[in-house]
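Undergrad: Got a structure here, written out as structure tokens. Questions coming.
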Amino acid sequence: MITSSVLIRKNTAIVWEAITNNELFKNWYFEIPDFELVLGATFHFYEPGAKRQFLHVCTILEIIPFKRFSHTWTHPDYSKGTTKVTWLLTEKDEFTTVTLQHSGIENLSDGGPDFAPENYQLGWDKILFNLHKFIEQ
């Protein structure tokens, strides 16, 4: 499992809004026009840039406002595998710890070297850095 965490000097309500509102997360994450925070909803997106090589198809599995948000993560053009991404928020005093867990990475091994665990670790670490920078700017 890939795990990445960041400590943000804001309450969970602010962080929750940043990770679940597509008008906000397009500033630090991905642009996902068809994202709706609805259990069972499916959303689609490509990585940033002109290449648009890797289609992501995700379905929302769990929503516990201000605490947990999880969804599938697939690359159907490259792999038959399905993985799960979970965003966990924990508040203490005026800080929120965001922990991202991406489980089942081994299910994407049929997609080739682009889907290696170390690539996901680097990517998620960068994304959480961007989240921290966006919220605390």
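Undergrad: Please give me the summed charge of the neighbours of residue 23: other residues whose Cβ is under 13 Å from its Cβ, Lys and Arg +1, Asp and Glu -1.
TA: Values: positive: 26; negative: 17, 31, 36.
Around residue 23, the charge tally is -2.
Undergrad: Output ³J(HN,Hα) for segment 116-132: one whole-Hz value per residue in order, computed from phi by the Karplus curve 6.51 cos²θ - 1.76 cosθ + 1.60 with θ = phi - 60°, and x for Gly and Pro.
TA: Calculated HN-Hα couplings, in order: 5, x, 5, 5, 5, 4, 4, x, 5, 4, 5, 5, 5, 4, 5, 4, 4 Hz.
Undergrad: Out of [x] 37; [y] 12; [z] 46, which label holds the value of percent of Cα pairs over 28 Å apart that was computed here?
TA: So the calculated entry is the one marked [y].
Undergrad: Could I ask something else about it? How long is the gain from residue 32 to residue 61 if the chain were fully straight, where each residue apart is worth 0.36 nm and the alpha carbon distance is subtracted?
TA: Contour length minus the Cα-Cα distance gives 8.7 nm.
Undergrad: Given an 8 Å cut-off on Cα distances and at least 6 residues of separation, report the relative contact order of the chain as a percent. Mind dumping the intermediate values first?
TA: Details: 273 pairs, mean separation 40.9, N = 137.
Once normalised by length, the contact order is 30 percent.
Undergrad: Identify all aspartates and glutamates with a Cα-Cα distance to residue 67 below 16 Å; exclude those on the same chain that are fewer than 8 residues away in sequence.
TA: 17, 91, 93, 94
Undergrad: Remind me, what semi-axes does segment 1-49 give for its equivalent ellipsoid, largest first in whole Å, using sqrt of 5 times each Cα gyration tensor eigenvalue?
TA: 20, 14, 13
Laboratory data are not the source of any read-out in this text; all were calculated from the coordinates shown. Source: prediction; values computed, not measured. So basically every Cβ, Gly included, is an ideal-geometry build from the backbone, and we count neighbours across all protein chains shown.
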